[in-house]
Amino acid sequence: MNLLGNWNYPTSIRFGIGRINELPEICQQVGIKKPLLVTDKGLSDLPITQKTLEIMKANNLNPGFFSEVDPNPTEENLYAGVRQYITGGHDGVVAFGGGSGLDLGKVVALMSRQKKSIWDFEDFDEWGNQADPSKIAPIIAIPTTAGTGSEVGRASIITNSKTKTKKIIAHPKLLPSVVICDPELTVSMPKVITSGTGLDAFAHCVEAFSSPHYHPMAQGIALEGMRLVKNYLPLAYKDGSDLSARANMMCAAAMGATSFQKGLGAIHALSHPIGAVHNTHHGTTNAICMPAVLQLNAPAIKSRFDLVANYLEIKGGFEGFCSFVQDLNDHLEIPRKLSDIGVINPNIPELASMALLDPSCNGNPITLTKENTIELFEACI
């Protein structure tokens, strides 16, 4: 199969092996002459990052480089990036990396010339629309993992370093103008990142499919996204150089992020405060929380996941699907408890209060209460 394509949903996507070489042409297309490449610390010295910088330099683009990005990016990372953007005289952002680099790159573009605080643009009651769209820099997104799907999203997750809460910052123009999905950029991912990011994509699809909101397009995308993860994540985990598996996982990641327009749920409502307070990997945290959340939501989702099980060729309906989820976690060496990834002596009532304030709660098919949220945390820890 020829895994190559130019797509226009939900934005312009250039998909295929070697497409990174088209970056200079894309910069010209969107009007960027002096880009700032934003990525995370772990990618700063890797060959894929240096190659991308060299591609731009060879075409007289004179890129800047910013990599002071934490695994859970904060407003401190953001303002440092904005300072570099302004002092360097840049006119656009190349957001490069996993969820952290992509999310921070997008908000650097958002805040490059805004007058208000980043927290004025939280995805709450249309606050994000207060941003002046004429002052948002153009964004090109280049994912190097296959999980968050931030490359096709209109939002970023930023942790408030003072309150230790994750906030969703949103604006329609945070959706990148062009995305380059080049599977070769993901082959160097270590197994632990392959599994964690891949299961993040899976969680997006599962929660979108579980959400009670009406969005048939997202429902269909979520279903096929689950199938791609089931079939290709174990292959990518087994052999990181399997470009077919890597390509299909890049698709699954974009599909998961596109589908959660329909809604997220308790998995993310739990994962966000855990990550903010205990600095855990987002995708791995989602994976650990998923079995307990499926059981909580069973009365509302059993019949629709009977259908999912049939489509994924899993025997046993909803119960079979739940068994598959735990078996997949085990196969990918995901711990069964949050305590195994450093969540020690957590303040569960406080975490539950934070979870109930998370916008993801609104998409859960069973109403979250203080009682059942505490029970979920206790089951996961």
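Just the residues that are among the charged types (D, E, K, R) and assigned to a loop (DSSP other than H, G, I, E, B), please, taken from segment 311-362.
Correct list: Glu313, Lys315, Glu333, Arg336, Lys337, Asp358.
In segment 171-199, what residues are among the charged types (D, E, K, R) and within 29 Å of Ala131 (Cα to Cα)? The one that is among the charged types (D, E, K, R) and within 29 Å of Ala131 (Cα to Cα): Lys173.
Selection of segment 253-272 for residues being surrounded by 24 or more Cβ atoms within 10 Å (Cβ to Cβ), in a helix (DSSP H, G or I) and out of contact with any Lys or Arg (no Cβ under 6 Å at 6 or more places or on another chain) yields Ala253, Ala254, Met255, Gly256, Ala257, Ser259, Ala266, Ile267, His268, Ala269, Leu270, Ser271.
Collect the residues in segment 92-113 that are surrounded by 17 or more Cβ atoms within 10 Å (Cβ to Cβ) and either farther than 25 Å from Asp358 by Cα or free of Cβ contacts under 8 Å to residues at least 60 places away in the same chain (or both), keeping them in residue-number order. Quick ask: steps written out before the conclusion?
Filtering segment 92-113 for residues surrounded by 17 or more Cβ atoms within 10 Å (Cβ to Cβ) gives 92-112.
Matches in segment 92-113: Gly92, Val93, Val94, Ala95, Phe96, Gly97, Leu102, Asp103, Met111, Ser112.
Exactly one residue out of Ala170, Ala137 is under 24 Å from Ile48 (Cβ atoms), in contact (Cβ under 8 Å) with a residue 40 or more places away in the chain and in contact with a helix residue (DSSP H, G or I) (Cβ under 6 Å, 6 or more places away or on another chain): that is Ala137. When restricted to residues that are at pLDDT 95 or above, exposed (fewer than 15 other Cβ atoms within 10 Å of the Cβ) and charged (D, E, K, R), segment 1-58 contains 5.
Restricting attention to segment 130-177, which residues are part of a loop (DSSP other than H, G, I, E, B) and within 19 Å of Leu270 (Cα to Cα)?
As a first pass, look at segment 130-177 and keep what is part of a loop (DSSP other than H, G, I, E, B): 131-132, 136-138, 144-149, 153-154, 161-164, 171, 175-177.
Matches in segment 130-177: Gly147, Thr148, Ser161, Thr163, Lys164.
Taking first residues from segment 291-309 that are polar (S, T, N, Q) and partners that are part of a helix (DSSP H, G or I), the Cβ contacts under 7 Å between residues at least 6 apart in sequence or on separate chains come to Asn297/Ser210. Annotation: Asp330 fulfils all but one of (1) surrounded by fewer than 18 Cβ atoms within 10 Å (Cβ to Cβ); (2) touching a Pro at 6+ places or on another chain (Cβ under 7 Å); the unmet one is (2). Taking the criterion of being of a type in the set (S, T, N, Q), more than 14 Å from Thr145 (Cα to Cα), touching a residue at least 60 places away in the same chain (Cβ under 8 Å) and surrounded by 16 or more Cβ atoms within 10 Å (Cβ to Cβ), the residues of segment 195-251 that qualify are Ser210, Ser211.
Note on segment 144-158: residues that are farther than 26 Å from Ser188 by Cβ and of a type in the set (Ser, Thr, Tyr) total 0.
The values are calculated or read from the model by the stated rules, or taken from the named source; none is laboratory data. Nothing here was measured: the structure is a model prediction, and the numbers come from that model. We place every Cβ from the backbone using ideal geometry, glycine too, and count neighbours over all the protein chains shown.
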